[in-house]
Structures are given as C-alpha cells and as structure tokens.
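**Student:** The following block contains the structure, expressed as structure tokens.
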Ligand code: 9WN
C-alpha cells in the first residue's frame, strides 16, 4: 500500500488511517513491528502493546502475534524485558552484548536476547482492547483472538505477579524502578533529582551512541552526561546479576513511579475482567486486590498543593516536584472522588497545561509549559507524545470526562495531519521531532480512526 498524497502539507482525515497503517507495514519485519527505523530496530515492551492495539484495527491476528513475540522474551521471574532484540540488527546501543543478560542470570531467556529492565505494564490494557475489537467484529478472527487470550493470560498473570513480588515487596502500592528507562519517559525532569545522585564509575566501559547519529539534532535527545548515567546503571545491574533484591539494596537509582503504578492498577482491572471471563475466581480476587492496592498507592502520592501525583526518590525520601504529565496518573487508575477529579481535570484544562496560550492545539505536553525546566524540543522535557495523549484520552473517557477526552483526541489528530507520525512534537507549533514514522504514533492514530471503534476504552 502506498501512502496517500499529502494535500498542501496536511493529510485529509480520511487518508490518515491508511497512511498510519502503511507506517506499521513499513516497520514490520514479518516478525515484529519495529518502533522506528533505523532508530529503534528491536521490539520495545510498551511500544509493542500500543502497536498491537493499532494493528488490531486492520489485522487482529497480526496484533496477537506481536504480543506473542514480545512474551517470548519473558524472563523466568515473569519480567517482560523492555527490549527484545532482533538478532539480525546490530543498530542500537546499548545492544544485547552490553546487557549480557543470559550470560549473567539464568532468569533471562537463552534462546533470544533481551535487556535486563522493564517498562510500564500496559499489556493487559492492550489485550482487553484487542478482545473488544474482536468481539465487535465477530467471525473466525474473533475466535482466534479468544483462543489467544486464553494462552496469553497466564503470561500476563506472571508479569503482574513479578511486579508485585519484586517491585513492591513491602506492599506499599507503588512500584519501584531502577532506571529512568523503566518509566518509559527516559529523560523526564521527573528523574533529574534521582539521576543527580548517580555517580558514574571511572571504569564505565567505553561506548558509542547510535541515537545521535540517527537524530542529528542533539537538543532533541538526552545529553552525553545523561547518557553516561543511563549506561552506568546497566553496569550496576550487571554487577548484581540483574537480581532485584541485590540491586535495591544499594543501587544508585531507586524511585517509586506513580505513572507506572497507575497503569498497573488499571491493567489489573483489565486482567481481573479477563480472569473472570476465563472463570478463575481466585485470580479475579487476587487481581482486584492488586488493582485496589496500586490505586491506593497512587492516591497516597497526590501532592495536596499541586493536586498532581509525585514520584519519590527512595534513596533520599524526596518527592518529585516538577509538573510532568505523569502527575495526572490518578486519571489513569481512577479512584478520585468527584470533586477531586473535577479539580484535576480543571488543572489539565487550565493554562498550565492544555490551554497554555502558546500551544498550537490543546495537547498534553510531557512537562508543563509553565514549568521552569520546560524545553519544547528536548526529550520528555516538553514535547507532546501522541501515545501519551492516547493513554490519557482513554483514561478521560473511562472517567466520564468526554469533552476533555475529545479535545485531546482532536488536537492530537490535528497535529498528526502533517503525515509524519513522528516520535514526538513541538507543542508550540506542531513541528515533528525525534524520528519520523514512529509505530506507536501511527498505532494510536489508527485506534482513534478505526471504523469499528471498540465499545470500551482501553483504560477502564
Ligand atoms: C530507551 C522506543 C522507546 C520508548 C521509550 C522512549 C525511547 C529508548 C531510547 O524509545 O526509549 O528505552 O533509546 O531512548 O523513551 O518510551 O519505549 O520507542
């Protein structure tokens, strides 16, 4: 399929779904849909879930296969690694040799190579969304998806149990992370304070970045000093053989992640519904308990002065104070009473966020445009990410905030009308940033534009 012509620099809405599907097809190796070529040539954990949601709009079986492929990389502990490497492509740093997971722990799979950290658990949300579409569509494909769900359910359950057991052994209701990459918002100012305490060892093995070759505008990617810290943390993880307990006993980056915890609460709701459909009452109770625990954890992180949820540096006890989109985590998991929800949505719609006078359209910037550290081009420090807008749009629908959801959806689709399907966008003028033809951007556009819109939002 060739991409439809861009009319006067803007894609007509009708042609956008076709163009987005063409992006996914171009990024498809036949086995995985790469996030972007050549910047991200492997399978990333949370990208794969968004991508599967997009694929489901035109090829349900392919959507299932995408998640199956990701779960082939699942560790014996249940962890779904943040990258499952394509053995044929050496074009990403840090690659499998640098992670050396299988060499250092028997928990990592030996038949394929992965990274040794994880990303937000959006997978159960994606599975439920795919199932909704399948039910809506009916026929053979729906039967296929039904059988597939039975098969993927225990893998999802093992993944959720991993997060509870290893990322929150004290049962606080907040998941802890060992690397900013685990949050999916790598370079967000959420983590500045945590990273400022990471001292890079003199014995950091030399390395060569590949991302800055592909995205030559350095201002759009993390800085060298930041990258050194990211890569150094891998060395720390290697030294403890990727053992979570040993890492959290002394590792130099340790934080609770409110956004990941909120996603986890919502994902447990989704998985509990699937467990119910599969008639597994004990697991329904277990998963509902997790959902409640993590919802409560997120609520306990809400700063009463800013109304936003805050991450905590576990090494200093300090709460994050920079207003980033992650602060709206309570919308993702639900649980606010109506006046609290009203207040949070009013903040979202205010000039600090979606109504900021310089925004080209009312999107959600990764960092508040009014924040001191806001940088409109810098990675996770200001630009808007369509995939995050989609997640929050789904959450707003689930919370009954239809008007704000529609505003966010329409604003994002307007920006996407340039046909670039970029990784992220300058929220002040809609310029595409990072890499073009990013799969999760195309995927969320497809979900929004899907003609058979599933009845339920992905987040419920
Ligand atoms: C590191 C693939 C991934 C996304 C992350 C995004 C970015 C990687 C990088 O790309 O992270 O994992 O090299 O910057 O921050 O959210 O999953 O699209």
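For (1) in contact (Cβ under 8 Å) with a residue 40 or more places away in the chain; (2) over 19 Å from the mean Cα position of the chain (by Cα), each residue gets a yes or a no:
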position	(1), (2)
55	yes, no
64	yes, no
69	no, no
74	yes, no
77	yes, yes
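**Student:** Considering 280, 229, which residue is farther than 19 Å from residue 78 by Cα and in contact with a helix residue (DSSP H, G or I) (Cβ under 6 Å, 6 or more places away or on another chain)?
**Tutor:** 229
**Student:** Follow-up question, since we're still on this one. Of the conditions (1) within 16 Å of the ligand (Cβ to nearest atom); (2) farther than 15 Å from residue 312 by Cα; (3) in contact (Cβ under 8 Å) with a residue 40 or more places away in the chain, residue 213 fails just one. Which one is it?
**Tutor:** Among (1) within 16 Å of the ligand (Cβ to nearest atom); (2) farther than 15 Å from residue 312 by Cα; (3) in contact (Cβ under 8 Å) with a residue 40 or more places away in the chain, residue 213 violates only (3).
**Student:** Ok, one more. Condition test on residue 148, is it assigned to a helix (DSSP H, G or I), buried (at least 17 other Cβ atoms within 10 Å of the Cβ) and touching a residue at least 12 places away in the same chain (Cβ under 8 Å)?
**Tutor:** It is true that residue 148 is assigned to a helix (DSSP H, G or I), buried (at least 17 other Cβ atoms within 10 Å of the Cβ) and touching a residue at least 12 places away in the same chain (Cβ under 8 Å).
Each row is one residue, and each column tells you yes or no for (1) within 16 Å of the ligand (Cβ to nearest atom); (2) part of a helix (DSSP H, G or I); (3) more than 23 Å from the chain's Cα centre (by Cα).
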site: 227; (1), (2), (3): yes, yes, no
site: 231; (1), (2), (3): yes, yes, no
site: 241; (1), (2), (3): no, no, yes
site: 245; (1), (2), (3): no, yes, yes
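**Student:** A further question on this structure: Looking at the structure I just gave you, is residue 3 more than 16 Å from the ligand (Cβ to nearest atom), surrounded by fewer than 24 Cβ atoms within 10 Å (Cβ to Cβ), at pLDDT 95 or above and within 14 Å of residue 420 (Cα to Cα)?
**Tutor:** The answer is no for residue 3.
**Student:** Quickly run through region 325-348 and pick out the residues that are surrounded by 17 or more Cβ atoms within 10 Å (Cβ to Cβ) and outside any helix (DSSP H, G or I). Break it down into steps so the answer makes sense when it comes.
**Tutor:** Taking region 325-348 and keeping what is surrounded by 17 or more Cβ atoms within 10 Å (Cβ to Cβ), we get 325-336, 341, 344-345, 347-348.
Selection gives 334, 335, 336.
**Student:** How many residues does region 401-450 contain that are within 16 Å of the ligand (Cβ to nearest atom) and not in a loop (DSSP other than H, G, I, E, B)?
**Tutor:** Within region 401-450, the subset within 16 Å of the ligand (Cβ to nearest atom) is 420-425, 432-445.
Applying the additional criterion that residues be not in a loop (DSSP other than H, G, I, E, B) yields 424-425, 432-433, 439-445.
Final tally of qualifying residues: 11.
**Student:** Spot the failing condition for residue 223; the list is (1) in contact with a helix residue (DSSP H, G or I) (Cβ under 7 Å, 6 or more places away or on another chain); (2) without any contact (Cβ under 8 Å) to a residue 60 or more places away in the chain; (3) surrounded by fewer than 19 Cβ atoms within 10 Å (Cβ to Cβ), and only one is missed.
**Tutor:** For residue 223, the failing item is (1).
**Student:** Quick one: would you say residue 370 is surrounded by 24 or more Cβ atoms within 10 Å (Cβ to Cβ) and either at pLDDT 95 or above or over 26 Å from residue 336 (Cβ atoms) (or both)?
**Tutor:** Against the criterion (surrounded by 24 or more Cβ atoms within 10 Å (Cβ to Cβ) and either at pLDDT 95 or above or over 26 Å from residue 336 (Cβ atoms) (or both)), residue 370 does not qualify.
**Student:** Now for a separate question. If you go through region 172-207 one residue at a time, how many are within 14 Å of the ligand (Cβ to nearest atom) and over 20 Å from the mean Cα position of the chain (by Cα)?
**Tutor:** 1
**Student:** Follow-up. So for region 256-266 (the condition being touching a residue at least 12 places away in the same chain (Cβ under 8 Å), more than 23 Å from residue 128 (Cβ to Cβ) and buried (at least 19 other Cβ atoms within 10 Å of the Cβ)), does at least one residue qualify?
**Tutor:** Looking through region 256-266, at least one residue is touching a residue at least 12 places away in the same chain (Cβ under 8 Å), more than 23 Å from residue 128 (Cβ to Cβ) and buried (at least 19 other Cβ atoms within 10 Å of the Cβ).
**Student:** If you don't mind, another one. Determine which member of the set 341, 370, 358 is without any contact (Cβ under 8 Å) to a residue 60 or more places away in the chain and more than 16 Å from the ligand (Cβ to nearest atom).
**Tutor:** 370
**Student:** Looking at 443, 422, which one is within 19 Å of the chain's Cα centre (by Cα), without any contact (Cβ under 8 Å) to a residue 40 or more places away in the chain and under 24 Å from residue 260 (Cα atoms)?
**Tutor:** Working: 443 fails: without any contact (Cβ under 8 Å) to a residue 40 or more places away in the chain.
When all the criteria are applied, what remains is 422.
**Student:** Could you list all residues from region 247-267 that are in a loop (DSSP other than H, G, I, E, B) and over 17 Å from residue 171 (Cα atoms)?
**Tutor:** Result: 251, 252, 253.
The values are calculated or read from the model by the stated rules, or taken from the named source; none is laboratory data. In this text the structure is predicted, and so the values were computed from the model without any measurement. Positions of Cβ are generated from backbone atoms using ideal geometry, with glycine treated the same way; all protein chains shown enter the neighbour counts.
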